[in-house]
Amino acid sequence: MPQILLPQITDFEAHNKNTKEQYAALGQFVVAFEMMVNEARTCAMNLLDGNALSDIPFHHPVMTAKPIFEIFRALAVEYLTRLTLNVPIKERDGFNGVLAVIASEYFELASMRNTLLHGTWFVGWPRDEDPNSETFILSKFKPTKKGLEQEDVPKYAFELLALKDRCEDVRTWISSLHFCIPRKDAPHQPFSERFAFIDGKWQFRVAADMPFETLPRRSPEQS
């Protein structure tokens with residue numbers, strides 16, 4: 001294999017710091033993503049009354065992020081239609097609205113996760129314009145009608161951490177919505193205490209004394 005001559009690093013301490021931060025940010029995103037998926041899996045299994053035998057299919061290799069959430073969503077919707085629960089139609093519509101918001105963000109993160117993990121990473125590679133590797137290179141192309149095009153991907157560690165934060169927010173929404181589903185054999189929280197339709201968007205709050213937030217969260221410029 002031919003040797004590649006890279007530009008000279010100008011600050012080894014900064015280079016090492018940047019490289020470590022980028023690897024760490026990628027790892028944190030992967031962990032947060034899998035925790036988000038596991039939340040959907042766990043909540044789906046719980047809606048099936050926690051039967052150990054019914055848990056088995058959820059751990060099969062075909063159960064990737066997308067089908068796991070789709071099953072959770074379908075179970076939640078069907079569960080709410082049980083006559084014994086007496087959930088009003090308006091409240092069921094609210095659950096469906098929140099599930100739609102979660103699904104949009106969840107699937108976008110799943111798509112980004114696939115793009116990131118199936119790309120080719122160049123971390124710590126100095127370049128003339130970036131000798132200390134403040135950014136990383138992620139090579140991931142897609143075929144289009146115009147030919148091959150580079151995917152729109154992050155290049156800074158803080159962008160990976162922002163994705164991590166989004167995964168954690170989705171996980172919180174899934175967990176909280178699941179806890180709002182009425183259960184005769186378990187405590188639950190009123191849907192209206194956690195979710196509200198404000199300014200044309202479903203929003204969530206962690207506690208009664210906390211402000212409502214959208215998914216994804218509003219940026220400071222949007223607040």
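Rule-based calculations on the coordinates, nothing more; no lab input. Computed from a predicted model, the values in this text were never measured in an experiment. Cβ coordinates were reconstructed from backbone atoms using ideal geometry, including for glycine residues, and neighbour counts include every protein chain displayed.
Mind sorting out which of [x] 18.0; [y] 15.0; [z] 40.8 is the real mean projected area of the Cα convex hull in nm² computed from the coordinates? Evaluating mean projected area of the Cα convex hull in nm² on these atoms matches [x]. Measuring nothing but how far apart in sequence close Cα pairs (under 8 Å, 6+ apart) lie, relative to its length, the chain scores a relative contact order of 26 percent. By the beta-carbon count within 10 Å of each Cβ, the least crowded to most crowded order of VAL62, VAL98, VAL87, fewest first, is VAL62, VAL87, VAL98.
Residues in the range 168-176 carry Karplus couplings, in order, of 5, 5, 4, 4, 5, 4, 4, 4, 5 Hz; the curve used is 6.51 cos²θ - 1.76 cosθ + 1.60 with θ = phi - 60°, and Gly or Pro positions show x.
Put in order of Cβ neighbour count within 10 Å, fewest first, the listed residues ARG127, ARG194 become ARG127, ARG194.
Descending by average beta-carbon neighbour count within 10 Å, the peptides 137-149, 200-212, 23-35 line up as 23-35, 200-212, 137-149, the highest first. Per-peptide packing, taken as the mean over residues of other Cβ atoms within 10 Å, places 183-193, 8-18, 169-179 in the sequence 169-179, 8-18, 183-193 from highest down.
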